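Participant: Starting off with a structure, shown below.
Rule-based calculations on the coordinates, nothing more; no lab input. Source: prediction; values computed, not measured. Positions of Cβ are generated from backbone atoms using ideal geometry, with glycine treated the same way; all protein chains shown enter the neighbour counts.
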Amino acid sequence: MNKKVKIIALLIASMLLIVMACNKIFAETTNLSPADNAKTVNTEENEEEVKYIKNIGKPYEGTDYIVGNVDNDEQGNIEINDATELLSFIAYILAWDYENDKVNDDYDIYQKLVEKKIVKNNEKIKNVEDLYNICDVNEDNVISVKDAAEILRYYACKGAGLIKD
Ligand SMILES: [Ca+2]
Ligand SMILES: [Ca+2]
């Protein structure tokens, strides 16, 4: 994929994610009548999602970094920039030329992108475990747009006062 295609793909993915994040938030905050609440089945999946959000913005156990703080800003804030940094990384993982540019894991790709100054260097990411601890916020062992969506959702929920420290 050439650079233009990647950028367009990334922009489309970003817009989709923002729309998805907004839809989810409105769905969660507007169904306040008892009849509507009765319709909301608290499935296991919903409980899982809540759990993921609780991980984001918190220190990863036994480390000095914060889950979801992809850009490693000093305040440790989870903001849109963390999602866009992650989306940029994901776009390059998806477009990676595995045939010609052999890598062992996503950390190798990350390092190469940092060298080329395509993604920002996060000093906390020193190995593949750190990379996944910070970026794989929904803990499904894949760094994907779902993780970026969860970061956006956290950011929006926090902004709406739905998440307290
Ligand atoms: Ca951040
Ligand atoms: Ca994930």
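Participant: Which pairs break 28 Å Cα to Cα here: K58/K126; K58/K146; K6/K158?
Facilitator: Distance filter (> 28 Å) returns K6/K158.
Participant: Mind checking which aspartates and glutamates have their Cα closer than 13 Å to the Cα of K54? Skip sequence neighbours fewer than 8 apart in that chain.
Facilitator: Those aspartates and glutamates meeting the cut-off are E139, E150, D165.
Participant: Of the listed peptides 104-113, 141-150, 82-91, what is their order by residue-averaged count of other C-beta atoms within 10 Å, with the highest listed first?
Facilitator: 82-91, 141-150, 104-113
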